[in-house]
2 protein chains.
Amino acid sequence: MERRAELLRAAARVYAKNGYRGSTTRRIADEARVNEVTIFRQFGSKDALIHEAIATCGGVEMVPDLPLVPSDPCAELTRWGSTVMEHMREMQSMVRRGMSEQEEHPQLAASVTAGPIKASNVLRAYLVRLQSHGLVTEDFDHKVVSSMFISALFTDALERDSMPELFPTPLSAACSLYARTVLKSIGIDVPETASV
Amino acid sequence: MERRAELLRAAARVYAKNGYRGSTTRRIADEARVNEVTIFRQFGSKDALIHEAIATCGGVEMVPDLPLVPSDPCAELTRWGSTVMEHMREMQSMVRRGMSEQEEHPQLAASVTAGPIKASNVLRAYLVRLQSHGLVTEDFDHKVVSSMFISALFTDALERDSMPELFPTPLSAACSLYARTVLKSIGIDVPETASV
DNA sequence: ATCGTAAGTAAGCGCACACTTGCAAAACGG
DNA sequence: CCGTTTTGCAAGTGTGCGCTTACTTACGAT
C-alpha cells in the first residue's frame, strides 16, 4: 500500500513538471524509487495511474468558507482570497498542464478546474449575503464582480512567476489590494489605514 | 519560399493543439502537406522550426493603442479590451501551451507572454493619462487596477471555454462589464444607459 | 515448513520518434 | 537546352516509449 501512494504522489509531481506525454512510466518509477513493472501491476496502465494521481492529489478541494454573516468585508475577502491564492500557487504547474491538455485529456482538466469553480460559487454566495445583510446598498452584478476577483487571484497565482511586471508587489499585499478594488467598485470604500 | 511559410503556419497550428512533445515532424509535415524531409532541409531540426514558428506566428504584437487624449473612458476601455480579448482568444491554445511548457522551453513562453505584457503597459499609461487630464479626481493604484483589468481579459480569453460558469454572459457584453467595474473602482460611475 | 502476495530484476516486443541518406523528378532562370 | 536548386520518395538508423514475460526475492499468515 505504501508503494501505491508513493507512486500516486510521484506521478502527480512528474505530470506537473512534464505533462502527459512527458510523464513516462520510467520517469515516474524513478521518481517514486520503485521498479517500473510495479506501475503496471498496481494500475494496469500509465493512463490509469495518471488519472488516479490527478484525481486524488489534484482534486483536494481546499476552498475555505466565507462567513455566513459578513461583518468586515475587506478583511474577510482578503483572508479568504489569500488562502485560495496560496492553494492555487501550490498547484500552479499542475493546473497549467491540465488546462493546456484539456482537449486530449478532458478528465484531467475537469479535476483541475473544480477548485476555481467552487471558489467562484462560494464567493458569489457571499456577495449576495453582503447585500441581504445591508452591508452593500447599491445594486451590482454579482457574476461580474466575482468573476473579476477570481480572475485576479487565478492569474496572479498562475502567471506571476513568468510575468512579474503584471502584478502588484509584494505578493503578500496583492490580495488585499484586489479586495479593496473590488469592494470600491460596489460602493464600499475602505480607509487606507484599515489593514489585515 | 512558399513551403517555408506554410511549414511555419502548420507548425504553429500543430504546436497549439499538441504541445511541443506532441508536435511530431510527421504531423507537421502532414498538416503542411509537405514531405517530412523538407522540414530538416529547410530548418535543420524540429526545435529550430518550432521556435521560428512561435516567434513569427505568435509574436505578432497586435495590441492596439489607447487614445492619447482620453475623452470617454468607458467606451475607450471597452473597445480596446474587446480587441485585446479577441486577439487573445484566437491564440488561446498557443498561449496555454507556451505557459505550461515554460520550464522546458523558456523562449516559447517569452514569445507568448510578450502580448499581455505590452497590453499591460499600454493600459497603465492610459490610466495615468486619465488622471493627468482630470478625468479621474481621486487617487488610485495604477498597477492594481490595470492588473485586475488585464487579468479579467486574460482569464476570460483563456478559460471561458473550459469554465463557462465563471464568466458573465454573453461574451460580447463581458468586456464592457469589466470596464465599468474597473472604472467604478476609481470613482467613474457610468450610467447604465451609456453603451458602446 | 508452506503457501500467497507483493515486490525486484532482466530481457525483450512492436512502435513511433527525430533525423539521415541516396536517387529521381520537377522547377526555375540563364 | 542546360545547370542549379528544391522537392518528393523510399529506406533505414538509433533511441525511447508503453507494456509484457519469466523468473527471483522477501515476508507474513496458516
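At a glance:
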| quantity | calculated |
| --- | --- |
| Under 12 Å, Cβ to Cβ, from A:Pro73 - net charge with Lys/Arg +1 and Asp/Glu -1 | +1 |
| Residue of A:Val95, A:Val84, A:Val37 that the Gaussian network model of chain A assigns the largest fluctuation, springs spanning Cα pairs under 10 Å | A:Val37 |
| Nearest-first distances (nm) between copies at A:Ser45, label 7 Å from Cα via Cβ | 3.4 |
| Partner chain coverage, peptide B:177-190 - average Cβ within 10 angstrom | 4 |
| Set of lysines near A:Lys184 by C-alpha distance (under 21 Å), chain-local residues within fewer than 8 positions excluded | A:Lys143, B:Lys143, B:Lys184 |
| Whole-Hz ³J(HN,Hα) from phi, Karplus 6.51 cos²θ - 1.76 cosθ + 1.60, for the range A:98-109, glycine and proline x | x, 5, 7, 10, 5, 5, 8, 9, x, 5, 5, 4 |
| Most fluctuating residue given options B:Thr38, B:Thr78, B:Thr25, as computed from a GNM of chain B linking Cα atoms under 10 Å | B:Thr38 |
| Sparse-neighbour loop sites [trypsin sites (Lys or Arg not before Pro); the range B:9-100; at most 12 other C-beta within 10 Å; DSSP] | B:Arg33 |
| Peptide A:153-164, shielding by other chains (average Cβ, 10 Å cutoff) | 5 |
| Mean-position separation - Cα centroids, the range B:48-69 and the range B:93-151, in angstrom | 14 |
| Test item: B:119-131 mean partner chain Cβ contacts at 10 Å | 1 |
| Label point 7 Å beyond Cα along the C-beta direction, distances from A:His133 to other copies (nm, shortest first) | 4.1 |
| Across the identical copies, how the A:Asp30 labels are spaced - nm, sorted shortest first, 7 Å along Cα→Cβ | 3.0 |
| Exposed GluC sites (Glu not before Pro) absent: longest stretch of chain B, with sites in DSSP loops and at most 16 other Cβ within 10 Å deemed exposed | B:1-60 |
| Global geometry of the protein assembly as shown, whether rounded, prolate or oblate, following the gyration tensor of its Cα atoms and the 1.5 cut on a/c | oblate |
| Rounded, prolate or oblate (a/c below 1.5 giving rounded, otherwise prolate when a/b exceeds b/c) for the range B:69-142 by Cα gyration tensor | prolate |
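Read the figures in this text as sums done on the coordinates, not as results from a lab. Keep in mind that what you see is a predicted model, and the values were worked out from it rather than measured. All Cβ positions, even for glycine, are placed from backbone atoms using ideal geometry, and neighbour counts span all protein chains on display.
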